[in-house]
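Below is one structure; the comments refer to it alone.
The values are calculated or read from the model by the stated rules, or taken from the named source; none is laboratory data. Not measured: the values here are computed from a predicted model. Positions of Cβ are generated from backbone atoms using ideal geometry, with glycine treated the same way; all protein chains shown enter the neighbour counts.
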């Protein structure tokens, strides 16, 4: 498939899966307020930094060939990754400030990630090729997160102040998705690479379901969370 058509198809499918994830995980009957918001916001604070910063840094390192061998043809991607790192640090700080307002610990260093957090990080950053990391983060993860944020706001799961914080984090996601689309257009030019991209999308959404599902179950559906905790799966 032509790489531009392929990139369009991947983003379209990720948007579809993101909408389905949001429908499956977020229930309009769930309302999270006060202290109960802190764990979710700390999880976003942590993930915006670790999942948002480490993967682009790894990709930039992979694309860097040395001071005398920089490939100018990919500088636009390097700049886009730099912009994304800036955005993700900003998002982490937005959530950190909201955590502090609610009386929680706003220091990302003190947050103890859950197994689901670490699984999502693994499925985002622990790949060997730049296109694998960008697929996991920009082409699958960002659409999933954008739809999750949208659902949390539209279903009134959180208070207006927290909605405002989430909105400020969400507005940058489109740029990150477009960067992923550009990478696919440029590098997903053969059948083998395109098959690998689809594999990464599947693996990332598996982790995204666990991440967002754990967040909601542990805070607003304790009975369901208790059942999940005793599962043999």
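Listing for the model above:
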{"quantity": "Meets criteria (surrounded by 14 or more Cβ atoms within 10 Å (Cβ to Cβ), at pLDDT below 95, assigned to a helix (DSSP H, G or I) and touching a helix residue (DSSP H, G or I) at 6+ places or on another chain (Cβ under 8 Å)) for residue 39", "calculated": "yes"}
{"quantity": "Qualifying residue in segment 22-34 (condition: under 20 Å from residue 173 (Cα atoms), touching a residue at least 24 places away in the same chain (Cβ under 8 Å) and not in a helix (DSSP H, G or I))", "calculated": "yes"}
{"quantity": "Selection count, segment 155-181, where residues are closer than 16 Å to residue 136 by Cβ and modelled with pLDDT of 95 or more", "calculated": "5"}
{"quantity": "Complete set of residues in segment 58-72 that are over 24 Å from the mean Cα position of the chain (by Cα), within 29 Å of residue 121 (Cα to Cα) and surrounded by fewer than 10 Cβ atoms within 10 Å (Cβ to Cβ)", "calculated": "66"}
{"quantity": "Sole residue being assigned to a helix (DSSP H, G or I), free of Cβ contacts under 8 Å to residues at least 60 places away in the same chain, buried (at least 20 other Cβ atoms within 10 Å of the Cβ) and touching a helix residue (DSSP H, G or I) at 6+ places or on another chain (Cβ under 8 Å), chosen from 47, 14, 96", "calculated": "96"}
{"quantity": "Hits in segment 151-197 - residues which are outside any helix (DSSP H, G or I) and crowded, with 17+ Cβ neighbours inside 10 Å", "calculated": "157, 158, 172, 188"}
{"quantity": "Yes/no for residue 145 being crowded, with 23+ Cβ neighbours inside 10 Å, assigned to a helix (DSSP H, G or I) and under 13 Å from the mean Cα position of the chain (by Cα)", "calculated": "yes"}
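Table: residues versus (1) free of Cβ contacts under 8 Å to residues at least 24 places away in the same chain; (2) surrounded by 14 or more Cβ atoms within 10 Å (Cβ to Cβ); (3) assigned to a helix (DSSP H, G or I).
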residue	(1), (2), (3)
103	no, no, no
109	yes, no, yes
120	no, yes, yes
127	no, yes, no
